[in-house]
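The values are calculated or read from the model by the stated rules, or taken from the named source; none is laboratory data. If you're wondering where the values come from, they're calculated on a predicted model, not measured in any experiment. Positions of Cβ are backbone-derived with ideal geometry, glycine not excepted, and every protein chain shown enters the neighbour counts.
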Amino acid sequence: MFDTAIIIKSLPMLLGASVWTVIYSLTSVAIGFCIGTLICAMGLSRSGVGRAVAAFYVSFFRGVPLLVQLLISYYCLPLIGLNVPSSVAAVGTLALCTGAYLAEILRGGFLGIPPGLIEAARMVGLSRAQILTRIEVPLAVRLTLPALVNETTMMVKASSLISVVGVLELTRLAQNIATSTFQPLEIYLTAGAIYFVINGAITFLASLLERSFRVEKAA
Amino acid sequence: MSFNPAILTDNWAAILDGMVLTIVIWAAGTVIGLAVGLLVAIGQLFTNRWVAAPLTLYVAVMRGTPFLIQLFVIYYGGPFFGLDLSPLTAGIAGLGFYGGGYFAEIFRAGFLSVPPGQIEAARMMGMSRFQIIRHVQLPQMLVIILPALANMTVLLSKETAVLSVITVNELTSVIQSIGSTTFAFAETLLFLAVVYWAFLEIVTAAARRLEKRVGRFTLRGQH
C-alpha cells in the first residue's frame, strides 16, 4: 500500500537536504560561469594556443560522462596529494563540467554582440578586461538567458550524481531513508517531486528576470 | 604515483564485455526513446486534451527530474507494482523513458514545422490522420529535426554511465570494480574517461556527416 505517512514523516529531512542540492548546484553554476566566460574568451581570441586550449577543454568536459569525471576527482585527487573534502571536489567537478557547456552557450552570445559596440568601448578608452566585464558579459547573458537557465536546471539535476561519491544532498539522503525504511517508491517519488519544484521555481524566476530585461529594452 | 597499464590488459575480456553492454544499452535505450517520443508527440498533438495533458506532464517530469532518481523509482520502486526488473531491464527501460521525454519535444517541434496548408490539402484529398502523419508530415520533418535527434542520441550515450549506480555491468561499473579491487584508480578511471571521450568524438563526427548528407534534402526558402 502506498504509505503517505512515511512521506509526511521524512519530508522535513528531505527538504533540509534539498537546501544542499540548491547550494551545491548554484555554487557550481556560479563558478562554472566564470570558467565558461574565460574559456569562451580564449576560444574567440586571436591566439592559436588559446583557441586550442578552449577547444580541448570543451571537448573533454562535454565528451566524458559527468559521473566518470566525479569518480576521477574522488579517487584520483588523493593520489596526487590533494586531500580535499568530497563535497569540495564534487562541486569543483560540477563547475568544470558546466563551465564547458556555459562556454558554448556564451559563445553564441558573444558573437551576437554588434562589433560597433566593442569598437566604441575601445575608443572611449576602456581596457580589454573592462570591455569584457562591463560590456560583453552583461550583453551575452541577456542574449543567452534562456539557454543559461536551462543549463542551471540541468545542473540541479546533475547534482544528484554527487551522491555517488558520498556527498550528502537530496538524492543521498533519499537513498539513506529508502534503505532504512524499505519504502523506496514513496521516498524517491518525493525526492523527484522536490527536484521538479526546484527546477520549476528556477524557470519561473528566470521568466520574471527575462520580462524585466525586455522592459528595459523597450525603454 | 605509479602507472601500470598491465591492469587494463589483464582484465581486457571484462572491459570488452562492458563496452559491448554499454553500446547495447545505448542502442536499446535510443530505440525505445524514439518510439516513446514519437507516440507521446502524436498523442500530445492529435488527440483530445484528456490524453494530451498527462503526456505533457510526463514530458515535464522526465525533463525536470534527475535521471538517477528516475532509475531508482523504476528499479527500487518497481516491485511495489509487481515489476521485479533486473538491473539491466530497469536501466534500459529507464533510459528509454528518459530519452522519450526529450525526443517527444523534438518530434513535437517537427510536427509543428510542417505548414498547416499541406495538412489541410492532404485532408481534402481524403487522407486519414495516420496517412497524413506517415506520408506528409514525417518525411518532411525528419530532415528538419535530424540534427536535434542526433544530438540527443549522442547525449544518451553518456547517460548510460549512470546505470552503474544500479549495478548494471556496463563499462563504468566494470572499470570501477577493477579499480577498487586493484586500487589502480588512476589507470582505470583515466582509461575510462579516454574511452568515452574517443567514443563521443567519433559518434559526434558521424552525426555531423549524417546531417550534412541529409541537409541536401532540405529546400531552403521554400516556405
Checked the range A:40-72 for anything among the charged types (D, E, K, R) and either away from every other protein chain (no Cβ under 14 Å) or out of contact with any Phe, Trp or Tyr (no Cβ under 8 Å at 6 or more places or on another chain) (or both); matches are A:ARG46, A:ARG51
With respect to B:VAL203, determine if the residue is at the interface with another protein chain (Cβ under 7 Å from one of its Cβ atoms) and β-branched (Val, Ile, Thr).
-> no
Take the residues of the range A:11-30 that are among the hydroxyl-bearing types (Ser, Thr, Tyr) and buried (at least 21 other Cβ atoms within 10 Å of the Cβ): which is farthest from the chain's Cα centre (by Cα)?
-> A:SER18
Please specify each residue of the range A:73-111 satisfying the condition of being within 13 Å of chain B (Cβ to nearest Cβ) and not in a helix (DSSP H, G or I).
-> A:LEU77, A:GLY81, A:LEU82
Would you check if A:VAL149 is surrounded by fewer than 22 Cβ atoms within 10 Å (Cβ to Cβ), under 13 Å from the mean Cα position of the chain (by Cα) and either farther than 25 Å from A:GLY50 by Cα or modelled with pLDDT of 95 or more (or both)?
-> yes
B:PRO147: surrounded by fewer than 18 Cβ atoms within 10 Å (Cβ to Cβ), in a helix (DSSP H, G or I) and either touching an Asp or Glu at 6+ places or on another chain (Cβ under 8 Å) or on the phi > 0 side of the Ramachandran plot (or both), yes or no?
-> yes
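A quick yes/no check of all residues on (1) touching a residue at least 40 places away in the same chain (Cβ under 8 Å); (2) under 19 Å from the mean Cα position of the chain (by Cα); (3) away from chain A (no Cβ under 14 Å):
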| position | (1), (2), (3) |
| --- | --- |
| B:PRO66 | no, yes, no |
| B:VAL73 | no, yes, no |
| B:ASP84 | no, no, no |
| B:ALA104 | yes, yes, yes |
| B:ARG108 | yes, yes, yes |
| B:PHE111 | yes, no, yes |
| B:ALA122 | no, no, yes |
| B:GLN137 | no, no, yes |
